[in-house]
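No value in this document is a laboratory result; all are computed from the given coordinates. What you are looking at is a predicted structure, and each value in this text was computed from that prediction instead of being measured. Every residue, glycine as well, gets a Cβ built from its backbone with ideal geometry; the counts of neighbours run over all protein chains shown.
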Amino acid sequence: MANSLKLPPGPVGSVGQRSVIWVRKNLFNSWLNSILTLLAIAFVLWIVPPIIEWAFVNSTFTPTIEACRAVSGACWGFVNANLRLILFGVYPFDQQWRPLLAMIVLGGIIVASLAGVKYPRMQKLIIPMWVIGIPVIAILMWGGVLGLTYVQNSAWGGLPLTLILSTIGIVFAFPLGLLLALGRQSNMPAIKTLSVVYIEVIRGVPLITVLFMASVMFPLFLPDGVSIDKLLRAQIGIILFTAAYLAEVFRGGLQAVPRGQFEAGDSLGLSYWQSMRLIILPQALRLVIPPTVNSFISMFKDTTLVVIIGLFDLLGAVKLALRSDPAWTRYYVEGYVFAAAIFFLICYSMGRYSAYLEKELRKGERR
Amino acid sequence: MSKTQKAPGGVRSKGLTDYLNDENVRAVIYQIVAIALVILAGWYLVSNTLANLERQNISTGYGFLNLEASFGISESMIDYTPQSNYATALMVGFLNTVKVAFLGIILCTIIGTIFGVARLSSNWIVRKLATVYVETFRNIPVLLQLFFWYAIIPNAFPAARNAFQPLPDVLLTNRGMYIPVPVADNAYDFMGIAAIIAFIVIYFINKWATKRLDATGQPFPIVWASLGIFFGLVLIAYLIGGAPTAMDIPALKGFNIQGGYNISPEFMSVLIGLTIYTSTYVAEVVRSGIQAVPTGQWEAAESLGLKRSIALRKIILPQSMRVAIPPLTNQYLNLTKNSSLAVAVGYPDLVSVSNTTMNQTGQAIEAISIYMAVYLGLSLTTSLFMNWFNKKMALVER
């Protein structure tokens with residue numbers, strides 16, 4: 001090794017000099033780039049100050065219609081006045097601590113599961129957490145036991161509904177998707193055909209058509225006298241839809257496991273399920289964690305579609321709040337921006353985490 | 001693979017357990033069980049459905065398609081009146097879906113490519129702006145974005161009386177945008193025919209040029225020749241048709257605007273929402289496509305003495321296309337499927353028209369089966385095309 005290579009690549013020159021170099025290199029390194037930089041700065045100056053003025057300077061948080069009429073900027077008072085309607089829908093007002101608590105429990109389990117990928121010590125806790133957590137959430141939301149008053153699920157709404165629909169959707173779709181992926185890889189023609197047909201049909205149609213089918217056709221499928229409510233129908237539709245997408249994610253993982261691993265399992269005399277459980281799936285599932293998180297993000301965004309079949313998730317609750325009082329109707333921008341901010345925060349942070357995990361997993365491969 | 005044990009003295013006869021332990025026999029049993037379960041479940045659902053339909057006095061079948069629809073559709077690309085039948089109404093919906101999907105695909109490709117390239121720019125501020133655009137719009141549900149545009153557009157523009165004119169003869173009102181269009185004339189039909197002839201001629205010239213290039217190594221300026229043939233033929237057709245210049249210009253008459261072509265607020269919100277949302281995904285596809293080509297390829301082209309433009313066209317683009325086109329098609333399919341959200345803002349797409357049909361006739365199964373079949377057909381055609389394309393583009397290895 002040459003000695004010169006060991007020189008630390010430390011900063012050279014004063015802060016001022018370095019920033020001049022940085023600006024030259026990153027903003028004005030060619031004619032075209034200089035023009036682009038000036039245009040971009042002009043664009044930022046044109047668009048950002050009015051937004052800041054609208055959102056923060058000329059805005060009001062006072063939750064009255066009079067205060068909103070008095071300002072030229074954003075009327076966050078609409079969100080402030082209707083916050084609990086937007087967040088919890090029409091859930092009984094004095095009971096709203098229950099969906100709040102359910103949401104915290106659910107959020108905690110999600111964060112812990114995602115963190116579990118990174119910290120092996122927590123991995124053993126993931127499944128027990130879900131097994132205990134889901135009934136706890138169900139009890140909190142429905143009530144009817146332990147002195148909690150019963151709340152019909154037609155009264156559920158807002159952010160907890162969005163979280164529950166997407167989380168339960170992915171948790172139940174997980175085993176179904178895994179079975180479908182294994183079925184698609186199977187060398188039994190009948191099982192393979194059934195899996196392929198299911199996956200391709202579901203992936204070929206929009207989610208909204210599956211939801212319409214769930215809300216209109218499920219009642220026809222059931223025998224006379226048996227009925228399931230709208231929320232459960234939508235939830236089943238979401239599970240069936242997500243399973244097809246997860247199956248393709250899992251297939252990617254299964255295909256990435258080298259053939260030799262399957263053969264090694266066979267040569268150890270393991271049965272199909274043993275070699276799957278002990279050899280193939282641990283490797284395949286590790287690979288598909290980032291795309292699974294991405295599926296969860298799109299599921300979370302797609303849950304808003306239940307608005308169209310008449311459920312009040314976060315987006316539906318915003319629309320409900322806008323309609324609740326004709327005076328508020330004109331503050332739709334504030335309502336939508338608030339909902340968009342919540343969706344953005346959740347999706348963006350999960351997206352970053354999934355990108356980070358992907359990098360971490362690739363680090364392991366390189367070794 | 002038989003696992004039958006062979007006794008040292010001779011062949012032991014097979015018992016039932018041996019058969020049950022045979023992998024092939026098991027496979028057959030599993031498959032029979034799976035098919036039987038599916039058939040049973042299907043039969044159970046169908047019999048329930050038939051019983052329910054009978055109880056509700058709904059007749060099954062697609063006969064209703066010939067009945068009079070008797071509902072209006074706000075925008076249509078073909079002749080449609082409430083007296084038309086349901087089949088025509090569904091056709092109108094299908095064409096509206098195709099219209100918004102087609103324009104959306106073109107626009108999101110252009111915008112997505114710009115932002116995808118911008119994310120790799122050496123210019124810091126351009127790069128950051130592109131990142132903000134992509135991250136913001138891809139992390140907000142597309143339905144929320146549609147609602148947002150649909151709330152903004154009718155409120156942002158004035159009533160017809162004081163319509164806003166961004167360009168001469170283009171009017172923006174709360175009822176949408178009005179643009180001037182040429183008055184129908186035979187010349188435009190001629191131009192259409194000329195364009196089709198031009199495509200056929202270009203196809204054969206292209207074939208001939210490739211053959212000659214392979215045989216003799218002589219290049220042929222195929223791009224310029226194709227452009228010349230296309231525009232030349234279309235221009236000749238226009239001149240033969242008498243070069244019509246009459247335009248249908250929108251103008252205020254009474255309280256409303258007459259003439260021109262109306263782009264409804266519903267259409268605009270669906271188009272803008274879908275385009276922006278999908279363009280963020282296209283940008284990521286474009287970015288990874290460009291990044292997938294190693295810099296060594298540029299250097300190799302340079303050391304062969306190729307010009308930068310030729311290196312881009314002959315070496316870089318074909319390689320990044322191979323990476324980018326499959327996910328790009330996927331995004332196009334997603335856009336087409338997401339166009340079904342138009343039902344939420346009242347744009348009469350296929351799903352929206354089918355739902356009206358369903359509510360009027362009660363033929364839920366038939367209406368849902370029609371739009372599912374249409375979307376499925378679109379998806380399967382695309383994936384067949386993709387398989388063919390992948391085979392054609394796949395690396396030919398030793």
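Taking 7 Å steps out from each Cα toward its Cβ at B:T81 and B:T136 produces label points 4.8 nm apart.
The calculated 222 nm mean residue ellipticity attributable to helices in chain B amounts to -22000 deg cm²/dmol, summing -39500 (n - 2.57) over DSSP H runs of n ≥ 4 and dividing by all residues. For the pair B:S309 and B:V46, label points projected 7 Å from Cα toward Cβ lie 6.3 nm apart.
Just report the Cα centroid separation between region B:185-230 and region A:140-206, whole Å. Cα centres, region B:185-230 to region A:140-206: 52 Å.
I need to check one value: relative contact order of chain B, counting alpha carbon pairs closer than 8 Å and at least 6 residues apart, in percent.
It rounds to 21 percent for chain B.
Listed by Cβ neighbour count within 10 Å, with the fewest neighbours leading, B:L328, B:L317 appear as B:L317, B:L328. Each of A:L39 and A:T62 was given a label point 7 Å from its Cα along the Cα-to-Cβ line. The distance between the two points is 4.5 nm.
Using a Gaussian network model of chain A in which every pair of alpha carbons under 10 angstrom is joined by a spring, one finds that among A:I164, A:I65, A:I41 the greatest mean-square fluctuation is at A:I41.
Determine, from the Cβ-Cβ distance of A:A115 and A:V48 and an R0 of 45 Å, the FRET efficiency 1/(1 + (r/R0)^6), rounded to the nearest 0.05.
On the way: r = 35 Å, r/R0 = 0.78.
The formula returns an efficiency of 0.80 here.
Span-like helix criteria (full DSSP H runs; alpha carbon extent of at least 15 Å along the helix axis; mean Kyte-Doolittle hydropathy of at least 1.0) are satisfied in chain B by B:86-118, B:142-156, B:222-240. For chain A, the 222 nm mean residue ellipticity estimated from helices alone, with every DSSP H stretch of n ≥ 4 adding -39500 (n - 2.57) and the total spread over all residues, rounds to -22500 deg cm²/dmol.
Left without a cysteine partner by the 4.7 Å Cβ rule in the protein assembly as shown: A:C347, B:C108.
Given a Förster distance of 22 angstrom, what is the FRET efficiency for A:L270 paired with B:N21, based on the Cβ-Cβ distance and rounded to 0.05? Could you put the intermediate results ahead of the total?
Working: r = 15 Å, r/R0 = 0.68.
Result of the calculation: an efficiency of 0.90.
Normalised by the number of residues in chain A, what is the relative contact order in percent for Cα pairs under 8 Å and 6+ residues apart? Spell out each step's value before the answer.
Details: 372 pairs, mean separation 63.3, N = 367.
Computed value for chain A: 17 percent relative contact order.
By the combined test of axial Cα extent (at least 18 Å) and Kyte-Doolittle hydropathy (mean at least -1.0), the qualifying DSSP H helices of chain A come to A:31-52, A:97-116, A:120-142, A:158-185, A:189-204, A:230-256, A:289-302, A:332-366.
Residues B:T361, A:T329, arranged from fewest to most other Cβ atoms within 10 angstrom of their Cβ, appear as A:T329, B:T361.
Could you line up B:F148, A:F56 from fewest to most neighbouring Cβ atoms inside 10 Å?
Listed from fewest to most nearby Cβ atoms, that is A:F56, B:F148.
Relative contact order, percent, of region B:103-174 when contacts are C-alpha pairs under 8 Å separated by at least 6 residues? Let's see the in-between values first.
Working: 40 pairs, mean separation 11.8, N = 72.
Relative contact order for region B:103-174 comes out at 16 percent.
With springs only between Cα atoms under 10 Å apart, run a GNM on chain A and tell me which of A:G335, A:G177, A:G269 wobbles the most. Judging by the Gaussian network model, the answer is A:G269.
Between B:Q291 and B:N387, the C-beta separation translates, for a Förster distance of 22 Å, into a calculated FRET efficiency of about 0.30.
Gain on full extension, evaluated as 0.36 nm per residue between B:A373 and B:N162 minus their Cα-Cα distance, stands at 71.4 nm.
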